[in-house]
Structure formats: C-alpha cells, structure tokens
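One structure is given here, and the rest of the page talks about it.
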Amino acid sequence: QQQVKQSPQSLIVQKGGISIINCAYENTAFDYFPWYQQFPGKGPALLIAIRPDVSEKKEGRFTISFNKSAKQFSLHIMDSQPGDSATYFCAASSTGTASKLTFGTGTRLQVTL
Amino acid sequence: NAGVTQTPKFRILKIGQSMTLQCTQDMNHNYMYWYRQDPGMGLKLIYYSVGAGITDKGEVPNGYNVSRSTTEDFPLRLELAAPSQTSVYFCASSYDQPQHFGDGTRLSIL
C-alpha cells in the first residue's frame with residue numbers, strides 16, 4: 001500500500017499559535033519522510049525531512065515528530081506567522097526506488113493576524 | 001543558478017491537440033520526474049527517469065509520453081489532449097533526496 005494520508009485538509013491558526021499537520025502511512029519500507037511547502041504559483045520546496053532512526057527533528061520553528069510503531073509523522077509550526085500561509089505536503093520514499101515520492105493530499109494553512 | 005526550468009508557464013489546448021511540456025535542469029541530477037497536481041489530490045507521479053535513455057511509468061502515465069536524451073532535459077508529451085488532463089504539471093530533479101521542483105505549467109484543455 002503506497003498511500004500517504006494527510007490531515008487536516010485546511011487549517012486556520014492565529015499569529016503566534018501552533019500549527020499541526022498529521023500524516024499516516026502503510027508501507028513499512030518507507031524510510032524518508034519530507035515535508036514540502038508550496039506558495040501559490042510556485043513549485044513545492046523542501047521544508048524539513050526526517051529518517052526513521054530519530055523520533056524528532058527541529059529546524060527553527062519547524063519540527064517533525066515521527067512515530068515508527070504507529071506509522072505516523074507530523075509537522076509542528078511554532079509561533080506561526082502570516083508568511084507561513086501556504087500549502088504543506090507530507091511525502092514518503094523508500095531506498096532503492098529512484099527516490100520516488102508518494103505525496104499526501106496537502107493542507108492549506110492560513111495564519112491570521 | 002536556475003535550478004529546474006519549465007516552459008511554458010500557461011497553455012490552453014483544444015481537445016485532441018498535442019503539445020510538449022519542456023523541463024530542463026542545470027544541477028547535473030540523474031533523476032528527473034513529472035507530476036501532475038489537481039486540487040485536493042496532492043501530486044501524482046506521471047513518469048520518471050533515472051538517467052539519459054532510461055524512463056519508467058509512475059502512478060498515472062496514461063495519455064502521456066516522455067523521453068530523456070540528455071541529462072538536462074526531460075520533456076513530457078501529450079499526444080491527444082483530453083479534458084481530464086487539465087492540471088498543473090510539475091517537473092522535478094534530484095541526485096538522491098530532496099527533489100527540486102520547477103514552478104509548473106498550468107494546462108487547460110477545452
């Protein structure tokens with residue numbers, strides 16, 4: 001099963017709040033889990049990524065939490081800012097598959113003032 | 001440093017017409033990919049290539065063709081455009097991870 005399930009579909013957060021987006025996967029061969037950020041009219045760009053040998057990775061205000069036993073991972077955006085308003089995609093890939101990515105369906109985040 | 005460049009940015013086609021979406025990268029990446037993005041559906045892989053002369057089908061290849069004669073270029077061909085192919089098309093390239101995306105081609109079939 002190659003599917004990656006992402007929720008919620010959309011999210012509205014006040015400035016300074018915490019944004020949380022969740023993803024779940026079935027394929028236990030997945031060993032690379034990136035999050036991509038996409039602004040209107042632009043292509044997706046890598047935000048942060050994790051491999052399953054760690055349970056958490058933090059880069060500035062962005063944190064990935066990874067639960068291997070539950071086959072779930074999530075993106076946390078601390079102190080959300082209006083500039084964070086974008087669509088976020090989780091994805092997954094496995095070694096030896098030409099680095100192909102299976103994407104979630106996306107979450108449209110709006111950060112209000 | 002241009003990265004991944006896609007042309008055209010926008011195009012309107014009539015049903016049954018054909019066209020080629022162009023993609024070129026200047027990072028000497030061996031892997032290249034074509035995705036389509038539809039509202040609420042995420043990105044679906046159409047075709048990919050692991051190097052010049054080698055291509056393979058992705059999740060949604062029907063109605064499309066690709067070729068990879070050079071490391072830099074990976075064009076996507078629509079032979080008989082259908083309304084179901086209305087979408088935003090993204091090309092990406094990578095050495096391993098992460099993938100680097102172009103800014104897309106918005107295609108409408110009327």
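Overview of results
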read-out	value
Choice from A:THR102, A:THR63, A:THR28 with maximal GNM fluctuation in chain A (Cα, 10 Å cutoff)	A:THR28
Estimated inter-spin distance, A:PHE39 and A:GLN81, nm [label 7 Å along Cα→Cβ]	1.2 nm
Charge dipole (the range A:43-113, unit charges on Cβ, about Cα centre) - positive-most of A:LEU113, A:PHE66, A:ALA86	A:PHE66
Nonlocal amide H pairs with B:GLY58, under 5 Å, H built at 1.01 Å	B:TYR47, B:TYR48
Spread of Cα-to-Cα distances over 5 Å intervals beginning at zero, given as percent, for the range B:43-105	4, 16, 27, 29, 16, 6, 1
Computed label-point distance, nm, for sites A:THR95 and B:ARG77 using a 7 Å Cα→Cβ extension	3.7 nm
Whole-Hz ³J(HN,Hα) from phi, Karplus 6.51 cos²θ - 1.76 cosθ + 1.60, for the range B:25-38, glycine and proline x	10, 10, 9, 6, 6, 7, 8, 9, 9, 10, 10, 10, 10, 10
Surface share of carbon and sulfur [accessible, 1.4 angstrom probe, percent] for the protein assembly as shown	50 percent
Inter-label distance for B:MET27 and B:PHE10, nm, one decimal - labels placed 7 Å from Cα along Cα-to-Cβ	2.8 nm
Pairwise burial A:B, computed as accessible area of each alone minus the pair, summed, 1.4 Å, Å²	1600 Å²
Accessible area per residue in Å² at 1.4 Å probe, computed on chain B	48 Å²
Unsatisfied cross-links (Cα-Cα over 31 Å) in the set A:LYS15/B:LYS9; A:LYS58/B:LYS9; A:LYS15/A:LYS58; A:LYS5/A:LYS42; A:LYS68/A:LYS100; A:LYS57/B:LYS57	A:LYS15/B:LYS9; A:LYS58/B:LYS9; A:LYS57/B:LYS57
Length-normalised contact order for chain A - Cα pairs under 8 Å, 6+ apart - percent	37 percent
Fluctuation leader among A:ILE20, A:ILE77, A:ILE12 - chain A, Gaussian network, Cα springs under 10 angstrom	A:ILE12
Fluctuation leader among B:GLN97, B:GLN17, B:GLN25 - chain B, Gaussian network, Cα springs under 10 angstrom	B:GLN97
Under Karplus coefficients 6.51, -1.76 and 1.60, residue-wise ³J(HN,Hα) of the range B:96-110 in Hz, glycine/proline x	9, 10, x, 7, 10, 9, x, 8, x, 10, 8, 10, 10, 10, 10
Solvent exposure of chain A as accessible area per residue, Å², 1.4 Å probe	49 Å²
For the range A:65-104, residues shielded by at least 20 square angstrom of accessible area compared with the chain on its own, probe 1.4 Å	A:PHE89, A:ALA98, A:SER99, A:LYS100, A:LEU101, A:PHE103
Shape category assigned to the range A:1-96 from the gyration tensor of Cα positions, a/c cut at 1.5	prolate
Derived scalar couplings ³J(HN,Hα) [the range A:33-40; Karplus, 6.51 cos²θ - 1.76 cosθ + 1.60; whole Hz; x for Gly, Pro]	10, x, 10, 10, 10, 10, 9, x
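The values are calculated or read from the model by the stated rules, or taken from the named source; none is laboratory data. Keep in mind that this is a model prediction, so the values were computed, not measured. Reconstructed Cβ throughout: ideal geometry from the backbone, glycine too, with neighbour counts over all protein chains shown. Calculation scope for accessible area: heavy atoms of the full protein, side chains included, ligands and nucleic acids excluded. Shrake-Rupley method; radii C 1.70, N 1.55, O 1.52, S 1.80 Å.
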